[in-house]
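Heads up, the thing below is written out as structure tokens.
Every number in this text was worked out from the coordinates using simple rules, so none of it is lab data. None of these values were measured; they are calculated from a predicted model. With ideal geometry, Cβ positions are generated from the backbone for all residues, glycine too; neighbour counts draw on all protein chains shown.
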Amino acid sequence: MYEGVVQDLIDELGRLPGVGPKSAQRIAFHVLQAEPTDVRRLAHALIEVKDKVRFCAVCGNVAEDVECRICKDPRRDPSVLCVVEEPKDVVAIERTREFRGRYHVLGGAISPIEGIGPDDLRVRELMMRLADGSITELILATDPNLEGEATATYLARLTKPLGLIVTRLASGLPVGGDLEYADEVTLGRAFEGRRRVEF
């Protein structure tokens, strides 16, 4: 335990996701040893992000304006909508450069254990976006875990009456992985999602 403001800094850093006590201590001491201008720049960036960044009124992604850059982009296909849990998922999909449609960020996943139900997510906003009939395909890109599967199943059932093409991202074995280390669910999905080899 340290005294005063040093311990306060360690405590605050330790509240960040993925930062344990030792990492918080390491970061705090890095800040203490850094140049004052570097620390001010970091503090300024933190304040700026809280003051300027909001969530897109259309999709829920992070934005500095009312709409994010993806929703504003006229080159994106408005008939295909990819549903993700968090804004960081949008970034991951955008890095692939494979998807040219639009997004809808739910703000989490259904998790009864944590008390998160459909009403706690942006499901109502999703249904409003689907109501006008301009979207023909809904891609469910929630995480391949228990909560993500529950969310995808719920959304698939909820949107079935709309007559949309509803797809789910394929999941299976990672490139470079070994079969012996794959869990049963991953291996089972790899078998379900197998495809014909063309020569």
Would you work out the charge dipole size for region 4-52 about its Cα centre, treating the Cβ of every Lys and Arg as +1 and the Cβ of every Asp and Glu as -1, and quote it to the nearest 20 debye?
140
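Above 29 Å lies some portion of the pair distances; for the chain, what is it as a whole percent of all C-alpha pairs?
Details: 8488 of 19701 pairs.
So the pairs more than 29 Å apart make up 43 percent of the total in the chain.
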With each label point set 7 Å from Cα along the Cα-Cβ vector, what nm distance links R157 and D120?
1.9
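How much length would be gained if the chain were fully extended between F29 and F191, taking 0.36 nm per residue of separation minus their Cα-Cα distance, in nm to one decimal? Intermediate results must be reported in sequence, preceding the final value.
Working: separation 162, 0.36 × 162 = 58.32 nm, distance 4.91 nm.
So the extension gain works out to 53.4 nm.
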What do you get for the angle between helix 21-33 and the principal long axis of the chain? Use alpha-carbon atoms, 0 to 90 degrees, nearest ten.
50
P(r) of region 128-199 in 5 Å steps, Cα pairs, percent per bin?
3, 13, 19, 20, 15, 12, 9, 5, 2, 0
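Rank-order 139-148, 178-187, 5-14 by packing density, defined as the average count of other C-beta atoms within 10 Å over each peptide's residues, highest first.
Details: 139-148: 18.4, 178-187: 10.6, 5-14: 14.8.
Highest mean packing first, the order is 139-148, 5-14, 178-187.
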Taking the chain as the reference, fit the longest principal axis to its C-alpha atoms, fit the long axis of helix 87-96 to the helix C-alpha atoms, and give the angle between the two in degrees, 0 to 90, nearest 10.
70
How much length would be gained if the chain were fully extended between V19 and E184, taking 0.36 nm per residue of separation minus their Cα-Cα distance, in nm to one decimal?
56.4 nm
Between region 84-111 and region 2-43, the alpha-carbon center distance in angstrom
30
For region 31-104: span of alpha carbons on each principal axis (Å, largest first)
51, 25, 22
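How much mean residue ellipticity at 222 nm does the chain get from its helices, if each DSSP H run of length 4 or more adds -39500 (n - 2.57) and you divide by all residues, to the nearest 500 deg cm²/dmol? Walk me through the numbers on the way to the answer.
Details: 8 runs with 86 residues, N = 199.
Theoretical 222 nm ellipticity from helices: -13000 deg cm²/dmol.
To the nearest 20 debye, what is the magnitude of the charge dipole of region 55-168 about its Cα centre, counting +1 on the Cβ of each Lys and Arg and -1 on the Cβ of each Asp and Glu?
Values: 15 positive and 19 negative charges, 94 e Å.
Value, rounded to 20: 460 debye.
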Helix 4-14 sits at what angle to the longest principal axis of the chain, using alpha carbons and giving 0 to 90 degrees rounded to 10?
10
